[in-house]
Structures are given as structure tokens and as C-alpha cells.
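The values are calculated or read from the model by the stated rules, or taken from the named source; none is laboratory data. What you see is a predicted model; the values in this text were computed from it and never measured. Virtual Cβ from ideal backbone geometry, glycine too; neighbours counted across all protein chains shown.
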Amino acid sequence: MELSQATVLVTGGATGIGLATARAMAAGGAQIAVCGRRAEPLQRVRDEFGFAAIRGDVSVDADAVRIVAAANDALGGLNVLINNAAFGTFAKLVDTDAADMTRVLATNVVGATLMARECAKLFIAGDGGTIVNVGSTASNKGFPGGSTYAASKFALSALTECWRAELRQHDIRVMQVNPSEVQTGFGGRDEPTEFNPSKLRAEDCAHLIVSLITLADRGFVTDATLWATNPR
């Protein structure tokens with residue numbers, strides 16, 4: 001896909017990986033809409049970059065329907081979804097809280113599904129499209145304290161495979177990127193407290209996502225994992 005032909009909705013697009021991806025795609029000529037739950041980051045993105053910025057919670061069915069419809073209207077169509085909105089809580093099994101687990105799964109699994117569902121309807125009715133799910137290396141391997149977060153990302157991998165099997169016949173590519181630790185705010189902060197030069201940054205993930213999307217539409221990469229070379 002040529003970026004100049006891309007009309008893109010980025011969930012969780014006002015900060016972190018989402019914003020870096022939106023900026024990278026816009027630099028190549030794509031039209032961008034972002035969504036998120038917090039008004040202030042969305043306003044900054046709207047003012048600084050001119051992106052269509054839509055407030056809403058992807059885990060709420062009515063919000064998901066409204067967000068996709070608003071992005072479709074603002075851009076005159078949609079052909080790319082970056083399913084990026086996510087967060088995590090971390091605790092040992094014996095300390096795992098049911099409410100925390102439910103909140104994480106609501107955004108990372110249900111929210112991703114609702115956004116993909118609404119975009120898939122548009123893509124099927126149109127000329128196809130691309131869905132990129134932002135997973136994690138936690139999609140492939142668990143770790144101590146990671147029950148909730150890893151469960152959500154393992155589930156996203158399963159969803160990616162199911163959607164790919166359903167949607168290929170409609171010329172819809174479904175791909176997943178799995179970054180290792182990325183220096184973003186992640187827990188509600190807009191930025192990390194300080195950067196470690198040996199670890200990944202949001203721009204590295206954006207580079208990978210753009211590379212996958214700009215592959216000619218006749219082909220796609222099922223999933224791609226991104227590691228820091230020598231983190232310290």
C-alpha cells in the first residue's frame with residue numbers, strides 16, 4: 001500500500017507507539033485519525049499535527065461504533081486500522097485482582113475486537129484494507145507477574161489468526177507486531193521518566209509498522225517481533 005493512499009485510524013493514538021506510528025504514516029502522505037480516552041492528549045495531537053482526534057473508549061461497544069464512523073466520515077473512508085490501544089497491570093498470581101484483570105482484558109482484547117469488527121465491515125464493503133494489531137513479546141511467552149498482561153496479548157495473537165483466516169478472501173490483511181519493552185508512558189504517563197539509549201523507543205515500532213503496511217497489497221507479513229539488540 002502506498003502511504004499516500006492510506007486512510008488510517010490509530011487507537012491509543014495520542015501518545016506512545018500510537019502517536020509515533022500516526023506521525024510516521026502522516027509523513028508519508030497518509031490521512032490520520034486517532035482515538036483515545038483522555039481529552040488533553042487528543043487536543044494536543046489535534047493542535048500540533050492536525051489529526052482528526054476522537055475521544056472514546058474502545059472497550060465500550062457504542063463508543064467503538066461511533067469512533068469508527070467518525071473516523072470514516074472525517075477521512076472520507078478508512079482502509080487501515082492500527083489496533084494499538086492497550087495497557088497492563090502486573091502482579092504475582094497470589095496477588096492478582098479480578099477487577100484489574102477484567103479492565104485489562106476489556107481494553108486489550110474486547111476493545112481490539114470491537115474496533116476490528118467495525119473496520120472490517122467497512123473494508124469488506126469497500127476494496128479491502130489492512131489491520132495491524134500491536135501485540136508484545138508477551139504474546140509468545142509468559143513471565144513472572146505477567147498473568148493478566150500476557151493473557152491479553154496471547155488472546156490478541158489468537159484473534160489475529162482468526163481474523164486473518166476470515167478476512168483474506170476479502171483482500172484484508174491482518175498482521176501483528178510484537179515489540180519487546182518499549183520506552184513509553186504505558187501506565188498513564190505520556191512519556192517515560194528517562195530514556196535508556198540501549199532500549200527500544202516508540203519510533204522503532206512505528207518504523208516496523210509502516211514497513212509492514214507499505215508492502216505491496218498482494219503480500220503480507222503474518223507477524224513480526226522487534227527486540228532491542230543489547231538492552232542494558
Task: Yes/no for A6 being closer than 28 Å to D217 by Cα, touching a helix residue (DSSP H, G or I) at 6+ places or on another chain (Cβ under 6 Å) and either touching a residue at least 12 places away in the same chain (Cβ under 8 Å) or among the aromatic types (F, W, Y) (or both) - done: no
TODO: Tell me, please, whether a residue that is closer than 21 Å to L226 by Cβ and either hydrophobic (A, V, I, L, M, F, W, C) or free of Cβ contacts under 8 Å to residues at least 24 places away in the same chain (or both) can be found in the stretch 120-133.
DONE: yes
Open item on the list: Suppose the filter is buried (at least 19 other Cβ atoms within 10 Å of the Cβ), under 17 Å from L212 (Cβ atoms) and touching a strand residue (DSSP E or B) at 6+ places or on another chain (Cβ under 7 Å); does I17 pass it?
Closed with: yes
- [ ] Quick one: S59 ticks every box in (1) within 20 Å of C205 (Cβ to Cβ); (2) among the hydroxyl-bearing types (S, T, Y); (3) not in a helix (DSSP H, G or I) except a single one, so which number is it?
- [x] (1)
- [ ] Considering only the stretch 73-93, state which residues are more than 21 Å from T214 (Cα to Cα) and either in contact with a Leu (Cβ under 9 Å, 6 or more places away or on another chain) or part of a loop (DSSP other than H, G, I, E, B) (or both).
- [x] A85, A86, F87, G88, T89, F90, K92
Open item on the list: For the list (1) part of a loop (DSSP other than H, G, I, E, B); (2) closer than 16 Å to N84 by Cβ, I need the number of the one condition that I213 fails.
Closed with: (1)
- [ ] Examine the stretch 192-199 for a residue that is over 14 Å from the mean Cα position of the chain (by Cα), closer than 20 Å to F87 by Cα and either among the aromatic types (F, W, Y) or modelled with pLDDT of 90 or more (or both), and state whether such a residue exists.
- [x] yes
TODO: Please work out if F90 is surrounded by fewer than 15 Cβ atoms within 10 Å (Cβ to Cβ) and either touching a residue at least 24 places away in the same chain (Cβ under 8 Å) or more than 22 Å from D204 (Cα to Cα) (or both).
DONE: no
- [ ] For the stretch 94-116, enumerate the residues that are over 21 Å from P144 (Cα atoms) and either more than 14 Å from the chain's Cα centre (by Cα) or not in a helix (DSSP H, G or I) (or both).
- [x] A106
Open item on the list: I'm trying to understand the selection: among the residues of the stretch 149-181, which are surrounded by fewer than 22 Cβ atoms within 10 Å (Cβ to Cβ), touching a Ser or Thr at 6+ places or on another chain (Cβ under 8 Å), part of a helix (DSSP H, G or I) and of a type outside the set (A, V, I, L, M, F, W, C)?
Closed with: S157, R164
Open item on the list: If the requirement is being buried (at least 23 other Cβ atoms within 10 Å of the Cβ) and either polar (S, T, N, Q) or under 16 Å from L159 (Cα atoms) (or both), which of these qualifies: N72, N140, N84?
Closed with: N84
Task: Where a residue in the stretch 61-77 is more than 16 Å from A106 (Cα to Cα) and in contact (Cβ under 8 Å) with a residue 12 or more places away in the chain and its partner, wherever it lies, is basic (K, R) and surrounded by fewer than 16 Cβ atoms within 10 Å (Cβ to Cβ), with Cβ under 9 Å and at least six apart - done: V68/R117; V68/K121
TODO: Keeping to the stretch 124-177, report how many residues are over 25 Å from L215 (Cβ atoms) and in contact with an Asp or Glu (Cβ under 6 Å, 6 or more places away or on another chain).
DONE: 0
